[in-house]
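Novice: Pasting a structure here, questions to come.
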Amino acid sequence: MLTVQTVLLLLWLAAFSSLVATACRQKVPQPIILIVLGVGAALCGLHIGIRPELFMFVFLPPLLFADAFRMPLREFREMRRAILFLAFGLVIMNTIVCGYIIHWILPVFSLPVCFTLAAALSPTDTVAVSSLLQGRRVPGRLLQLLSGEALFNDASGLVCFRFAMADAMTGEFSYRQAFGTFILVAFGGLFIGALVAWVASRINHELIRRKLDEARSQIVLVLLLPFAMYAAAEAAGCSGILAAVAGCMILKLSGSVEEAATMTRLQANTVWNIVSYVFNALIFLFLGLQLPSLVMSARDLAQAHNAAFWQYGVLVVEVYGAMVVMRLFGLLLCEAGRWAGARLNHMPYERTGFAANMLLTLAGVRGAVTLAAVLSLPMGLDGTPEFPGRESVVVIAAGVIILSLLCAGVGIPFCLRFIPPELVDKNAQEENLARQKLIRAALGVLRKVHDAAVVEAPAAAAPPSPAPVGAVVPAQPVQAVAQPVEGPPARPASPTLPAKADAAAAQDTPASPGLSEEDCQLRREVSDRLIQLYECRLDEEDATPRIGVEDRRSAVRHARLDLALRLQVLRMERQVMHQMVTRREINDQTEWKLQQELDYEEQVIRYQSLRLPRED
């Protein structure tokens, strides 16, 4: 039973794991550290049981929702065939083929029991995958393939697990019924999640239109949204996992994120990062807390069957080896399909490579979903029959989870050494090109503002002479760069204006008629300074032949020095502000407001420093 003290202890362990991972310079994956801490806490007397249904309802919806939000929709469309094959086809193949292999290794288990174990081990864990790959320079395509697969294969694996478990308990199984139920569960979950997301986006749009949107309430409602999707789908007998994933993607497509206020997006990003971090840590801590009791069960089982304890270790290695070989075969089959499709459509084919395939194989780790599935097997407590060989299935599944995490923690960094660097840098190249386009759009707006100020300056300096009485005043042609007299006043140019708003902004930003010469001069000076700033930024980003290599290196060094000096200035401002508080010239509330301004400015500086290219 969880108490307040237990929850606080788990949170302390989660924070401590980050300190240990940082002290180890991220050489040891944080999930491994969390599992070790969980084992240590269990050996010290902390025992927390897992209720599988509650565990999956609390942890899976928000984590799947967050991972689905990070999945780029363009890459998902491009790799949809590979993702769907790995998420559904490979899971079904794993369940059948590995079930027969496990039955061959352990003939004492019936075939339905072996299918149940294989189905529980088939889905990869999105939480474990994202935790192991976090902070590593993994090629974007491989990372997106793994993320997309992990989003969907939980649902397919759990459906196969339910059918295999029912077959093992009752001895009744129908392929036609299983296929129909599978389609209903999958598409029903997708439909319910999409429906809930569409309703939520309509409500959010109406709140924004009526100016009733408020950052804190919106963030809380979005945090509750994946739970609502999951609960609605499960209540209808459909997949809550697919509902949460589909709902998030519909929200992204609906434009609700772009409609939200800037402060709402910034605060929501921080909140979701904290929620993902805490929930990820708690999952691995719970896994570590279960290990000592599972090891004791394995020892008891070994004694009951007159076997040595190491034989269970060999059995775990054999089962994991079968899963690895089957996953590698599925990945090679998927690549063969990509090659055949490229040849038939006369499209260029990019070979994945052996090192990348091995990374994808080892990254298919098992985690919380597998453990929750096997722990949900009937124990025979309330007069219901016990699942055949339940303890052995739970022990083997737990061993495969730990072994897959260890192999991935060691093997993934090794595989990354043999992946060509150009595969890793494609994301950075795309970001660089996008920044160049945004900077050029901003330069276009600024130059229009500057030209308009130049055109308006002579008119402001020499006002027109009055026309003679009775003379016909000719109609003045409207200049292309000027606003209509009845239109709204000109607004200042925005350097961060997106490219799609360039045409509209260009008509609004030039100087309006009636400005004085002093105002026109001021506009020219400000626009000149901003044009120079953005041209310097373009030189930092532009790697095309437009600018020489030495000039670009000089621009990058100039940018680095500029950012370093700005950080030094911020530190000095913080010191002076602290001295003012000490001398009681300002109070702590004023200090907090000024501190927030400096924090935002420093965060922008650090983001700019991270996106600068590394010096050769």
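Novice: Which of the residues belonging to segment 321-343 are in contact (Cβ under 8 Å) with a residue 24 or more places away in the chain, more than 28 Å from the chain's Cα centre (by Cα) and open to solvent by 20 Å² or more (accessible area, probe 1.4 Å)?
Specialist: Result: 341, single match.
Novice: Can you tell me which residue among 137, 176, 162 is among the charged types (D, E, K, R) and at pLDDT 85 or above?
Specialist: It is 162.
Novice: Considering each of 216, 265 in turn, give the residue that is out of contact with any Ser or Thr (no Cβ under 7 Å at 6 or more places or on another chain), at pLDDT below 90 and closer than 27 Å to residue 128 by Cα.
Specialist: Testing whether each residue is out of contact with any Ser or Thr (no Cβ under 7 Å at 6 or more places or on another chain), at pLDDT below 90 and closer than 27 Å to residue 128 by Cα leaves just 265.
Novice: Could I ask something else about it? One residue is enough: does segment 425-437 have a residue meeting the conditions open to solvent by 40 Å² or more (accessible area, probe 1.4 Å), farther than 21 Å from residue 356 by Cα and modelled with pLDDT of 85 or more?
Specialist: Within segment 425-437, one or more residues are open to solvent by 40 Å² or more (accessible area, probe 1.4 Å), farther than 21 Å from residue 356 by Cα and modelled with pLDDT of 85 or more.
Novice: For segment 157-198, give me the residue count where each residue is under 28 Å from residue 108 (Cβ atoms) and either under 23 Å from the mean Cα position of the chain (by Cα) or in a helix (DSSP H, G or I) (or both).
Specialist: Residues in segment 157-198 being under 28 Å from residue 108 (Cβ atoms) and either under 23 Å from the mean Cα position of the chain (by Cα) or in a helix (DSSP H, G or I) (or both): 16 in total.
Novice: Within segment 41-60, restricting attention to residues that are farther than 29 Å from residue 231 by Cβ and out of contact with any helix residue (DSSP H, G or I) (no Cβ under 8 Å at 6 or more places or on another chain), which residue is modelled with the highest pLDDT?
Specialist: In this case the residue turns out to be 44.
Novice: So, in segment 1-17, of the ones that are polar (S, T, N, Q) and open to solvent by less than 30 Å² (accessible area, probe 1.4 Å), which residue ends up farthest from residue 406 (Cα to Cα)?
Specialist: The residue in question is 6.
Novice: With the requirement that a residue be assigned to a helix (DSSP H, G or I) and in contact with a Ser or Thr (Cβ under 6 Å, 6 or more places away or on another chain), what does segment 49-86 give you?
Specialist: Selection gives 52, 66, 67.
Novice: Failed condition for residue 38, given (1) without any contact (Cβ under 8 Å) to a residue 12 or more places away in the chain; (2) under 19 Å from residue 398 (Cα atoms), with all others met?
Specialist: (1)
Novice: Right, here's the next one. Got a number for residues in segment 20-43 being in contact with a Gly (Cβ under 7 Å, 6 or more places away or on another chain) and more than 25 Å from residue 293 (Cα to Cα)?
Specialist: 1
Novice: Condition (residue is polar (S, T, N, Q), closer than 21 Å to residue 394 by Cα and either open to solvent by less than 30 Å² (accessible area, probe 1.4 Å) or in contact with a Ser or Thr (Cβ under 9 Å, 6 or more places away or on another chain) (or both)) applied to segment 156-167: is it met by at least one residue?
Specialist: Looking through segment 156-167, at least one residue is polar (S, T, N, Q), closer than 21 Å to residue 394 by Cα and either open to solvent by less than 30 Å² (accessible area, probe 1.4 Å) or in contact with a Ser or Thr (Cβ under 9 Å, 6 or more places away or on another chain) (or both).
Novice: Considering each of 97, 91 in turn, give the residue that is buried (at least 24 other Cβ atoms within 10 Å of the Cβ), out of contact with any Asp or Glu (no Cβ under 9 Å at 6 or more places or on another chain) and among the β-branched types (Val, Ile, Thr).
Specialist: Result: 91 is the single residue among 97, 91 that is buried (at least 24 other Cβ atoms within 10 Å of the Cβ), out of contact with any Asp or Glu (no Cβ under 9 Å at 6 or more places or on another chain) and among the β-branched types (Val, Ile, Thr).
The values are calculated or read from the model by the stated rules, or taken from the named source; none is laboratory data. On a predicted model such as this, the values are computed, not experimentally measured, just so you know. FYI the Cβ positions are ideal-geometry reconstructions off the backbone, even for glycines, and counts take in every protein chain you see. Note: accessible area is taken over every heavy atom of the protein model, side chains too, but ligands, DNA and RNA are not part of it. Shrake-Rupley method; radii C 1.70, N 1.55, O 1.52, S 1.80 Å.
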